[in-house]
1. Looking for whichever is surrounded by fewer than 20 Cβ atoms within 10 Å (Cβ to Cβ) and touching a residue at least 24 places away in the same chain (Cβ under 8 Å) here; the options are 82, 106, 144. Which one fits?
2. Sort out which residues of the range 123-136 are outside any strand (DSSP E or B) and surrounded by 13 or more Cβ atoms within 10 Å (Cβ to Cβ), and write them in order of number.
3. Do we find a residue being among the acidic types (Asp, Glu) and at pLDDT below 95 anywhere in the range 94-117?
4. Sort out which residues of the range 21-45 are surrounded by 14 or more Cβ atoms within 10 Å (Cβ to Cβ) and part of a helix (DSSP H, G or I), and write them in order of number.
5. Out of all the residues in the range 57-83, which are at pLDDT 95 or above and either farther than 30 Å from residue 33 by Cβ or part of a helix (DSSP H, G or I) (or both)?
6. Looking at the range 158-171, which of its residues are modelled with pLDDT under 95 and assigned to a strand (DSSP E or B)?
7. Out of the residues in the range 137-157 meeting the condition of being at pLDDT below 95 and outside any strand (DSSP E or B), tell me which one is nearest to residue 107 (Cα to Cα).
8. Given 93, 161, which one is surrounded by 12 or more Cβ atoms within 10 Å (Cβ to Cβ), in contact (Cβ under 8 Å) with a residue 60 or more places away in the chain and acidic (Asp, Glu)?
Amino acid sequence: MIELRPLTPAFLDAILDGRREAAAELLGAELPDDFPREGERGFLTLRLGQMRKDARFEEWCPFAVVLEGRMIGHAGYHGPPGVNTRQNTNAVEIGYTIEPEYRRRGYATAAATELIRRAQERGIQHVIACSSPDNEPSLAVIRGLGFTQTGEAMDEEDGLELVFELERLPV
């Protein structure tokens, strides 16, 4: 199945500098041909800046979603606990994107499930996920994992988003 491999500052430096071969070597995976796309460049630049400013962001870094040695998307936390839509100090927010040719095969669900598992392993039982109201595939992933819609939020880049939360009892 899939693996989640950290998008380290060294990887982000390389990919943002256009050093694709070095980035692929650091990740240990083949990169998608058009990675990073324009919107992803901004996201990766933001995450790199956050990691450089606050070491906690490196601990709660984004990950490459890797299938059979090929990066097929990325997934991760918006940051350490407290960096989320609800500003809940005991929660993390997750997000994910899968390359178009790999969608609708369960990879987003697998990545989100692994993020939830890793958060729980670190003592975080409250997870938040947001999606555009018209992103039916993402809404299906979120609802399928047991999240409950708790509100709406306006994202500066994405516009209106539905807010979902999942809280699990400690194991």
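1. Values: 82 fails: touching a residue at least 24 places away in the same chain (Cβ under 8 Å); 106 fails: touching a residue at least 24 places away in the same chain (Cβ under 8 Å).
Only one candidate qualifies: 144.
2. Step one: of the range 123-136, the residues outside any strand (DSSP E or B) are 123-125, 132-136.
124, 125, 132, 135 - these are the residues of the range 123-136 that are outside any strand (DSSP E or B) and surrounded by 13 or more Cβ atoms within 10 Å (Cβ to Cβ).
3. So the first thing to find is which residues in the range 94-117 are among the acidic types (Asp, Glu), and the list is 99, 101, 114.
Then keep just the ones that are at pLDDT below 95; that gives none.
No, the range 94-117 has no match at all.
4. Once the filter is applied, which keeps residues that are surrounded by 14 or more Cβ atoms within 10 Å (Cβ to Cβ) and part of a helix (DSSP H, G or I), the range 21-45 yields 22, 23, 24, 26, 27, 40, 43, 44.
5. Of everything in the range 57-83, those that are at pLDDT 95 or above and either farther than 30 Å from residue 33 by Cβ or part of a helix (DSSP H, G or I) (or both) turn out to be 57, 80, 81, 82, 83.
6. From the range 158-171, those modelled with pLDDT under 95 are 158-159, 167-171; that's our starting set.
Correct list: 159, 167.
7. My answer is 157.
8. Numbers: 93 fails: in contact (Cβ under 8 Å) with a residue 60 or more places away in the chain.
It is 161.
The values are calculated or read from the model by the stated rules, or taken from the named source; none is laboratory data. Because the structure is predicted, anything quoted here is derived from the model rather than measured. When we count neighbours, we look across all protein chains shown, and the Cβ atoms used for this are built from the backbone with ideal geometry, even at glycine.
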